[in-house]
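Report on the following structure.
The values are calculated or read from the model by the stated rules, or taken from the named source; none is laboratory data. In this text the structure is predicted, and so the values were computed from the model without any measurement. Here the Cβ positions follow ideal geometry from the backbone for every residue, glycine too, while neighbour counts run over all protein chains shown. With ligands, DNA and RNA removed, areas are computed over all heavy atoms of the protein, side chains included. Shrake-Rupley method; radii C 1.70, N 1.55, O 1.52, S 1.80 Å.
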Amino acid sequence: MQDKTHLVDEITGHRRMRRNRKADWTRRLVQESRLTVDDLIWPVFIVPGSNILDPIPAMPGVNRMSVDKLVEAAKEAADLGIPAIATFPNIEMELRDETGSNALEANNLINQATIAVKKAVPNIGMITDVALDPFTSHGHDGILRGDEIVNDETVEQVVKAAILQAEAGSDIISPSEMMDGRIGAIRRGLDAAGHQNVGIMSYATKFASGYYGPYREAISTAGLLKGDKNSYYISPANGMEAIRDAALDVEEGADMLMVKPGLPYLDICWRLKENFGLPTFAYQVSGEYTQIKAAAMNGWIDGERVMMETLLCFKRAGCDGVLTYFAIEAARKLAKG
Ligand code: PBG
């Protein structure tokens, strides 16, 4: 018998990648990344009033909720096993001003929501943002003086807002306004006020992105925003700068890091995790959600499949979890197995 080597074997030798892919059981055995309900953080939009579920046109399937409805939703999330929710308020226009002073009201919408959810659903984590954009009449995340978003004055205000949020019961303060020095200032402020157990999840690398469009509709800042946020968010072109920015947040005492937006920035997720080893989260933002929903509604992609695929990809890229508007949908799917 002649030893006839196939062409493929000459190239691969005895190496055949498909052996591990040949059956469901081998594929399960070698699977590297897994998505579980423990990886999901659910961002939600709150409105004043009661009994309100107000659909957001640019985010099919997502509602703005009054606090009573949020409490019901938080119960469902907790029952599904979702560890935490992140709240974003749609503040009445009359309450918005130049400096975002409503952020410093102990009983403002975001704090009311925290108090109500913590009372009714004590075992779900509450993550609250201290950026000023929901509260300012110009839609910027900080205090605007002339053409400038002033850094240090904004940080002072953000620290006060963080302490009020902690007092309302927030578990994790999550500053998204990208001012320099904010993480250290918030840490010192929280500690001085006796909130050593309240954590900080830094929006360490937040990019100046077009993907935030539907969010700005949801909290009604789209029509207000004067100019852009390029003087405080990171340019989508800059990876090294993002790492340096995150390094400062780590030094200043961040407990967790976040990358925002998510999918176009998986390289940043990976680099943060590799560099710092902190719990690292991605925010699959409104525009990412909307793209998937819109294509699915047109029958152009399998929306559920792409949802699960994108969430899994965050895990593969080193993330410990994902903030996603799909949280409930994904949790239900995971529960079904
Ligand atoms: C601003 C903020 C943004 C988002 C949450 N908080 C971005 C922005 O409006 O510039 C975006 C979230 C999303 O798109 O889902 N502090």
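Residue check, residue 107 against (1) more than 16 Å from the ligand (Cβ to nearest atom); (2) within 20 Å of the chain's Cα centre (by Cα); (3) under 30 Å from residue 225 (Cα atoms), all met but one. Which one?
Only one criterion is unmet by residue 107, namely (2).
Scan segment 99-132 for residues that are more than 16 Å from residue 173 (Cβ to Cβ) and touching a Lys or Arg at 6+ places or on another chain (Cβ under 9 Å) and report the count.
Number of matching residues: 4.
Pick from segment 209-224 the residues that are more than 8 Å from the ligand (Cβ to nearest atom) and assigned to a loop (DSSP other than H, G, I, E, B): which of them is nearest to residue 145 (Cα to Cα)?
224
Working only within segment 110-138, note down all residues that are surrounded by fewer than 23 Cβ atoms within 10 Å (Cβ to Cβ), within 16 Å of the ligand (Cβ to nearest atom) and of a type in the set (Gly, Ala, Ser).
Matches in segment 110-138: 137 only.
Could you please find all residues in segment 238-272 being out of contact with any Asp or Glu (no Cβ under 9 Å at 6 or more places or on another chain) and among the aliphatic types (A, V, I, L, M)?
240, 242, 243, 246, 247, 250, 254, 258, 259, 266, 268, 272
Residues being touching a helix residue (DSSP H, G or I) at 6+ places or on another chain (Cβ under 8 Å), small (Gly, Ala, Ser) and in a loop (DSSP other than H, G, I, E, B): count how many of those fall in segment 138-172.
Adding up the residues that qualify gives 4.
Determine if segment 234-252 includes at least one residue that is within 30 Å of residue 119 (Cα to Cα), hydroxyl-bearing (Ser, Thr, Tyr) and not in a helix (DSSP H, G or I). Give the derivation first.
Our first condition is that a residue be within 30 Å of residue 119 (Cα to Cα); within segment 234-252, this holds for none.
No: zero hits.
Scan segment 231-250 residue by residue and report those that are out of contact with any helix residue (DSSP H, G or I) (no Cβ under 7 Å at 6 or more places or on another chain) and more than 11 Å from the ligand (Cβ to nearest atom). Write out each step before concluding.
In the first step, residues of segment 231-250 are kept if they are out of contact with any helix residue (DSSP H, G or I) (no Cβ under 7 Å at 6 or more places or on another chain); the result is 231-233, 235-238, 240-241, 244-245, 247-248.
Across segment 231-250, the qualifying residues are 231, 235, 236, 237, 238, 240, 241, 244, 245, 247, 248.
What's the total number of residues in segment 1-51 that are without any contact (Cβ under 8 Å) to a residue 40 or more places away in the chain and open to solvent by 60 Å² or more (accessible area, probe 1.4 Å)? Before you say what the answer is, go through the steps one by one.
We begin by selecting, within segment 1-51, every residue without any contact (Cβ under 8 Å) to a residue 40 or more places away in the chain; these are 1-31, 49-51.
Now narrow it down to the ones that are open to solvent by 60 Å² or more (accessible area, probe 1.4 Å): 1-8, 10-11, 14-22, 24-25, 27-31, 50-51.
Selection size over segment 1-51: 28.
Among 204, 208, 193, 185, which is buried (at least 23 other Cβ atoms within 10 Å of the Cβ) and either within 21 Å of residue 322 (Cα to Cα) or of a type in the set (A, V, I, L, M) (or both)?
Exactly one of 204, 208, 193, 185 is buried (at least 23 other Cβ atoms within 10 Å of the Cβ) and either within 21 Å of residue 322 (Cα to Cα) or of a type in the set (A, V, I, L, M) (or both), namely 204.
Taking segment 161-187 as the search range and keeping residues that are under 23 Å from residue 119 (Cα atoms) and among the charged types (D, E, K, R), which one is nearest to the ligand (Cβ to nearest atom)?
Initially, segment 161-187 is screened for residues under 23 Å from residue 119 (Cα atoms), giving 161-174.
From what's left, among the charged types (D, E, K, R): 167, 171.
Details: 167: 21, 171: 18 Å.
In this case the residue turns out to be 171.
Cβ contacts < 6 Å: first residue of a type in the set (Lys, Arg), restricted to segment 185-214; second residue away from the ligand (no atom under 16 Å from the Cβ) and at pLDDT 95 or above, any location; separation 6+ or different chain. Result?
Filtered contacts from segment 185-214: 187/253.
Mind telling me which of the residues 272, 248 ends up being touching a residue at least 60 places away in the same chain (Cβ under 8 Å), among the aliphatic types (A, V, I, L, M), surrounded by fewer than 19 Cβ atoms within 10 Å (Cβ to Cβ) and more than 17 Å from residue 209 (Cα to Cα)? Spell out how you get there, then give the answer.
Values: 272 fails: surrounded by fewer than 19 Cβ atoms within 10 Å (Cβ to Cβ).
Just one listed residue meets the conditions, 248.
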